[in-house]
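Student: Handing you a structure now.
The values are calculated or read from the model by the stated rules, or taken from the named source; none is laboratory data. Only a predicted model underlies this, so the values are computations on that prediction, with no experimental measurement involved. Cβ coordinates were reconstructed from backbone atoms using ideal geometry, including for glycine residues, and neighbour counts include every protein chain displayed. Surface areas here come from the heavy atoms of the whole protein model, side chains and all, with no ligands, DNA or RNA. Shrake-Rupley method; radii C 1.70, N 1.55, O 1.52, S 1.80 Å.
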Amino acid sequence: MRLSRYFLPVLKENPAEAQIVSHRYMLRAGMIKQQQAGIYSWLPLGYRVLRNIERIVHEEQQRAGHIPVLMPTMQPADLWRESGRYDAYGPEMLRIRDRHERDMLFGPTNEEMITDIFRAHVESYKQLPMTLYQIQWKFRDEVRPRFGVMRGREFLMKDGYNFDLSYEDAMHAYNRHMVSYLRTYERMGLQAIPMRADSGPIGGDDTHEFLVLASTGESEVFYDSAITDLSFGNREVDFDDRAGLEAIVREWTTPYARTDETHDVSLFHEIPAERQKSSRGIEVGQIFYFGTKYSEPMGAMVTTPDGGRVPVHMGSHGIGVSRLAGAIIEASHDEKGIIWPEGVTPFPVGIVNLKQGDGATDAACEGIEKALLAKGLEPLYDDREDRAGAKFATMDLIGLPWRITVGPRGLASGKVELTSRRTGESEEMSPEAAVARVAEIYAGV
Ligand code: 5CA
């Protein structure tokens, strides 16, 4: 992509309305535009990040054996009357009436609708286990939308729903989600800690929230610092291996980690004092087991091997897809701007031309651009006529993890510069070597 032809409306000034760094940088880097309180357009750069987050979520869900679907954002009120949540949900639900005076709502979550799909098509235990998920916009009329995409009113969520014959099977699904989430967040460069939490309006007994530690987080959390040493890495996981998954879940749920809603002071004090930590955290996901809370009133029944009929055991499992864009920035930035992890960066690498219009420099930049494209990597090439300092400032602000700088002086000795946004370290090398290095870095991403 050539910057001269792109749409990247960067702001020079800090927007006054942004209180936290991710909101500030998302506005300044031209990623989003607010349209109403808590409702945003995603501009080209932000949209690329959002799509990358979605891609990772899809890949990891499907790796765990979960099946993608897409449900509408608009739902009939009658479905929610069946579960009893139409009245229970309160003013966070956006209620709408159509021209025929039918009550509808903009879905804040989809337990009822997915249960309706299930009951229409599934009759037998033989079709279980089954987990369906979607990535779809939700609306919650939050009292205090704030911090940009972190607490929006319209926001993108991955919501998944498991259907199982028994409690044991449903807990296996719960574990599948917990394990798949560990890898999902790590691929986005985040450490998200599963913490025992409260189930709120979704209901149920077993629930964990995934929290990214950050001073600007809205949740108060308490944990054993030993949990921050854990990393999931590139483990091979057999998602059908119950004992294997249980072991991983045990590894992550044994050290104390709770939100303020479930915090237990006496348990907390059993941890060695130097490991007792409290902090703020950003909730980037939550998993729930709620048994037959929806299947029973809505009649989502299956036949059993011995000829009986029982309501299915269910759970639901969410990831805050749009919130993650903000959470990643909270976790990875400096005073110059964003520092994208390779997994979600809008472009893998930037090319900065220090002397636009100079034949040899232009040709070298174009050669690098072409070579990267041939390797399946689309660079953002700053081909504008601007000062070097201004070009560097833009690249630093938008946070591409790697930058190739090309100028006549280096080219005279056949060299360009490859710079890491994270460390600021630069290395001189031939254009071919720079391309090869960038390709090598992204081969493992
Ligand atoms: N039905 C369940 C799971 S599918 C559910 O709705 N869970 S939730 O309420 O916890 O939402 C899932 C995730 O969506 C949260 O963990 C959070 O990361 C994200 N989320 C929730 N509310 C907002 C909001 N107002 N703005 C941005 N993201 C949000």
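Student: Using alpha carbons only, how many degrees (0 to 90, rounded to 10) separate the axis of helix 431-443 from the longest principal axis of the chain?
Tutor: Taking Cα atoms only, the helix is inclined about 10 degrees.
Student: Indicate, rounded to the nearest 5 percent, the antiparallel portion of the DSSP beta bridges found entirely in the range 349-443.
Tutor: Here the antiparallel bridges make up roughly 50 percent for the range 349-443.
Student: Can you tell me the convex hull volume per residue for the range 11-145, based on C-alpha atoms, in Å³ to the nearest whole number?
Tutor: In the range 11-145, the Cα convex hull volume per residue is 152 Å³.
Student: Please list the three semi-axes, largest first and in whole Å, of the ellipsoid equivalent to the range 212-356, using sqrt of 5 times the eigenvalues of its alpha carbon gyration tensor.
Tutor: 37, 25, 17
Student: So what is the diffusion coefficient of the chain in µm² per second by Stokes-Einstein at 37 °C and 0.692 mPa s, using a Kirkwood Rh over Cα pairs? Write down the numbers at each step before the final one.
Tutor: Working: Rh = 23.8 Å.
D, rounded to a whole number, is 138 µm²/s.
Student: Taking Cα pairs under 8 Å and at least six residues apart, what relative contact order does the range 73-143 come out at, in percent?
Tutor: Details: 67 pairs, mean separation 28.4, N = 71.
Relative contact order of the range 73-143: 40 percent.
Student: By how many nm would the segment from M104 to S41 lengthen if fully extended, with 0.36 nm per residue of separation less the alpha-carbon distance?
Tutor: Between M104 and S41, full extension yields an extra 20.3 nm.
Student: Counting pairs of alpha carbon atoms under 8 Å apart in space and at least six apart in sequence, what relative contact order in percent does the chain give? Kindly include the intermediate steps, with their values, before the conclusion.
Tutor: Working: 893 pairs, mean separation 73.8, N = 445.
Reported relative contact order: 17 percent.
Student: Could you pull the accessible area for K370 with a 1.4 Å probe, rounded to 10 Å²?
Tutor: Estimated to the nearest 10 Å², K370 gives 150 Å².
Student: Provide the packing ranking of 422-431, 20-29, i.e. peptides ordered by the mean count of other C-beta atoms within 10 Å per residue, highest first. Could the numbers behind the result be given before it?
Tutor: Numbers: 422-431: 12.9, 20-29: 22.6.
Sorting 422-431, 20-29 by mean packing, highest first, produces 20-29, 422-431.
Student: Restricting attention to the range 196-277, which GluC sites (Glu not before Pro) occupy a DSSP loop and are surrounded by at most 16 other Cβ atoms within 10 Å?
Tutor: E218, E236, E261, E270
Student: Considering only DSSP beta bridges with both partners in the chain, what is the antiparallel share in %, to the nearest 5?
Tutor: Around 85 percent antiparallel, to the nearest 5.
Student: Also, quick follow-up: Running Debye on the range 349-443 with equal point scatterers at the Cα sites and no solvent, what base-10 log of I(q)/I(0) appears at q = 0.21, 0.22 Å⁻¹?
Tutor: After summing over all Cα pairs, the log10 values are -1.03, -1.15.
Student: Same structure again: Any chance you could list P(r) for the range 1-66, counting all Cα-Cα pairs in 5 angstrom bins from zero, rounded to whole %?
Tutor: 4, 15, 20, 20, 15, 11, 9, 5, 2, 0
Student: Roughly how many nanometres apart are two label points built 7 Å out from the Cα toward the Cβ at E296 and S279?
Tutor: Using points 7 Å along Cα→Cβ, the separation is 4.0 nm.
Student: May I ask for the Kirkwood hydrodynamic radius of the range 284-384, worked out over all distinct Cα pairs and given in angstroms to one decimal?
Tutor: Taking the inverse mean of 1/r over all distinct Cα pairs, the range 284-384 comes out at 18.8 Å.
Student: Shifting gears a bit: Work out the count of Lys pairs in the chain where the Cα-Cα distance is under 21 Å, with the pair 8 or more places apart or on different chains.
Tutor: Step by step, the pairs that qualify in the chain add up to 15.
Student: Roughly how big is the range 349-443's charge dipole about its Cα centre, with Cβ charges of +1 (Lys, Arg) and -1 (Asp, Glu), in debye to the nearest 20?
Tutor: In debye, rounded to 20, the range 349-443 gives about 160.
Student: Quote the Stokes-Einstein diffusion coefficient, in whole µm² s⁻¹, for the range 62-138, based on the Kirkwood radius over alpha carbon pairs, a temperature of 25 °C and a viscosity of 0.890 mPa s.
Tutor: Values: Rh = 13.9 Å.
Roughly 176 µm²/s, to the nearest whole number.
Student: Turning to a different aspect of this structure: Taking only Cα atoms, what is the 0 to 90° angle, nearest 10, from helix 359-374's long axis to the longest principal axis of the chain?
Tutor: 30 degrees
Student: Continuing with the same structure: What is the projected area of the convex hull of the Cα atoms of the range 352-393, averaged over all directions, in nm²?
Tutor: On the way: hull surface 11.2 nm².
With the hull built on Cα positions only, its mean projection is 2.8 nm².
Student: 222 nm [θ] for the chain, helices only, -39500 (n - 2.57) per DSSP H run of 4+, per residue, to 500?
Tutor: It comes out at -10000 deg cm²/dmol, rounded to the nearest 500.
Student: Relative contact order of the range 216-333, please, whole-number percent, based on alpha carbon pairs below 8 angstrom and at least 6 residues apart.
Tutor: 30 percent
Student: On C-alpha positions alone, give me the angle between the axis of helix 321-331 and the longest principal axis of the chain, in degrees, nearest 10.
Tutor: 50 degrees
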